[in-house]
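Below is one structure; the comments refer to it alone.
Nothing in this text is a laboratory measurement; each read-out follows from the coordinates by a stated rule. For clarity, every value in this text was computed on a predicted model and none was experimentally measured. As a convention, Cβ positions derive from the backbone with ideal geometry for all residues, glycine included, and neighbour counts pool all protein chains shown.
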Amino acid sequence: MAGVIVDTRGLARSEQNGRGSAEPEAALPDSDRPELGGALEALSGEILKKRSLEISSTSFVTIISIILGVALALLAEKTFPFPRPLVAAQSACMLLLFVCTFYYFLSISIILRWAPSFADCAQPFIITSLEIPPTYFLGRVTGWDACLAILFVFVAAGVGSTVMWSPVSHFGGDRKAQRMLHRIFREVAVIFGTGALSLASIGLAAHFAQAGKMWWGFGSCAVVLATLGALVARMEIQLSRIHAYYGVNRPPFN
């Protein structure tokens, strides 16, 4: 035991180093302290544009997808317990309507981008949510037609108003491209306005008719299919022209 010599200087140095590495944050210089709520990226004009481009369209399509998912689940719940021919036809029309809604918003969000306002945030809730009530009237004619006629009126108004919110700045000053897109909006507004008028007429006829309501219902389904078919046909043709104008290969009905 007497021959063992303990070097306490090394232990003292290691203890000092240990205390130095565990130095509290309060002892750090002010320049080295993390800022509470510090920004990851300072705001500038370019950053603001980038964030608007990245977030607005993605959020827009996401909320539409969520609402359509709710509508689709409700449609399945209301369809399968009552698999009558008219219910099946109306459900098929509603399913196609959901697809066309997503198709329209996705296609337009690729072409148009702007900083979203309250009206832009409210539009998908107002229009897309109107696709839920017709599900509660499956198997009936007047109520189903009335709900879809109201929906088509709102769609026509919303699409028509988009002409005002798509100035030539979206196209780099190219008015020809702007006119091509505005033609899509006007055609879609006319298509849905005509569909709304037709559905309202059939609904009134079915309400006052004493018999044959099922056939009036099939007539309403034919109007919905014709409206959606015209929408897809005109948009495919016009969108392919816009893409070709900018040198992008997008054949119609590809």
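Okay, here's what the table says:
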quantity	calculated
Cut-off 15 Å between beta-carbons: net charge of the residues surrounding residue 86, Lys and Arg +1, Asp and Glu -1	+3
Percent RCO, i.e. relative contact order, over the stretch 46-245, from Cα pairs under 8 Å lying at least 6 residues apart	24
Residue exposure sequence - 49, 213 - by fewest surrounding Cβ within 10 Å	49, 213
From the coordinates shown, volume of the Cα convex hull per residue in Å³ corresponds to which of [x] 307; [y] 189; [z] 268	[z]
Hz values of 3J(HN,Hα) by residue in the stretch 120-127 - Karplus curve (6.51, -1.76, 1.60), Gly and Pro given as x	5, 6, 7, 4, x, 5, 5, 6
Residue-by-residue Karplus 3J(HN,Hα) for the stretch 41-51, coefficients 6.51, -1.76, 1.60, Hz, glycine and proline x	8, 5, 6, 8, x, 5, 5, 5, 5, 4, 5
Filtered chymotrypsin sites (Phe, Trp or Tyr not before Pro), the stretch 137-181: DSSP coil and at most 13 other beta carbons within 10 Å	165
Cβ-defined net charge surrounding residue 207, 13 Å radius [Lys, Arg +1; Asp, Glu -1]	+1
Residue-count net charge about residue 152 - beta-carbon cut-off 15 Å; Lys, Arg +1, Asp, Glu -1	-3
Degrees between helix 142-161 axis and first principal axis of the chain (Cα, 0 to 90, nearest 10)	60
